[in-house]
1. Select, from Asn133, Asn100, the only residue that is polar (S, T, N, Q), open to solvent by 70 Å² or more (accessible area, probe 1.4 Å) and closer than 24 Å to Lys37 by Cβ.
2. For the range 31-40, how many residues are surrounded by 20 or more Cβ atoms within 10 Å (Cβ to Cβ) and either touching a residue at least 60 places away in the same chain (Cβ under 8 Å) or over 23 Å from Tyr66 (Cα atoms) (or both)?
3. Which one of the conditions (1) within 15 Å of Val8 (Cβ to Cβ); (2) touching a residue at least 60 places away in the same chain (Cβ under 8 Å) does Ile132 fail to meet, given that it meets all the rest?
4. Given the criterion of a type in the set (A, V, I, L, M, F, W, C) and assigned to a helix (DSSP H, G or I), identify the matching residue among Leu138, Leu147.
5. Quick one: which of Lys110, Lys81 is out of contact with any strand residue (DSSP E or B) (no Cβ under 7 Å at 6 or more places or on another chain), without any contact (Cβ under 8 Å) to a residue 40 or more places away in the chain and within 20 Å of Ile180 (Cα to Cα)?
6. Going through the range 66-94 one residue at a time, which ones are more than 21 Å from Asp142 (Cα to Cα), open to solvent by less than 70 Å² (accessible area, probe 1.4 Å) and assigned to a loop (DSSP other than H, G, I, E, B)?
7. So which of Phe33, Phe50 ends up being over 24 Å from Leu169 (Cβ atoms), of a type in the set (A, V, I, L, M, F, W, C) and in contact with a Pro (Cβ under 7 Å, 6 or more places away or on another chain)?
Amino acid sequence: MLVILSGVSGAGKDTIKKELIKRMDDVISLPSFTSRKPRIGEEEGVQYHFITKEQFEEKIKNGEFYEYDEHHENYYGTSKKLMNDKIQSGKIIVKDIEVNGTESLIKLLKNDTKLVTIFLKVDKEELKHRLINRGDNLSEADMELRLGRLKYEESKIKLYDYVIKNDDLEKTVQIIMAIIENEKRLEK
């Protein structure tokens, strides 16, 4: 099963993914590849696989991604090999990905893989607060770019099986754990 978490930058995707992995024995992560630099505290292969823009473009040319996109001036993509390896493991894969990537994965995998799509909603003021406190030292232009993406991301909400307002971490994690358990029962 592939559980996709989406939402605008700062919606809490990575935090929720970490909590699910910590609390559920059969849940693992599938880090995307990215051409952006690691943030403080991020580790290679944990949050992302960090590569250069040139390396990313080489992987695109070689057809190594199920999907990829460029936003905030960096590439992000899902490795075919890594995903296929993790699917074969029989574990539940939790992947955080933006809406265009979700749309691509639904088209590519819906007939072969059990997909559960979850959109994390957050209001604009809360989002601004999170982005400021995340420690990215965003310029005013970067902040506006990320806040501006909110409307676009929310326009794709119909793609998702579940939409959860992420205004309480513990409640959100509990809801998603219940969704995963329910979807596992439905899969059998």
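The values are calculated or read from the model by the stated rules, or taken from the named source; none is laboratory data. Source: prediction; values computed, not measured. Heads up, the Cβs are rebuilt from the backbone with ideal geometry, glycines too, and the neighbour counts pull from every protein chain shown. Side chains included, ligands, DNA and RNA excluded: accessible areas come from the protein's heavy atoms. Shrake-Rupley method; radii C 1.70, N 1.55, O 1.52, S 1.80 Å.
1. On the way: Asn100 fails: open to solvent by 70 Å² or more (accessible area, probe 1.4 Å).
Answer to the selection: Asn133.
2. 1
3. Only one criterion in (1) within 15 Å of Val8 (Cβ to Cβ); (2) touching a residue at least 60 places away in the same chain (Cβ under 8 Å) is unmet by Ile132, namely (2).
4. Values: Leu138 fails: assigned to a helix (DSSP H, G or I).
One residue alone meets the criteria, Leu147.
5. Working: Lys81 fails: within 20 Å of Ile180 (Cα to Cα).
After applying the criteria, what remains is Lys110.
6. Result: Ser89, Gly90.
7. Values: Phe33 fails: in contact with a Pro (Cβ under 7 Å, 6 or more places away or on another chain).
From the options Phe33, Phe50, the qualifying one is Phe50.
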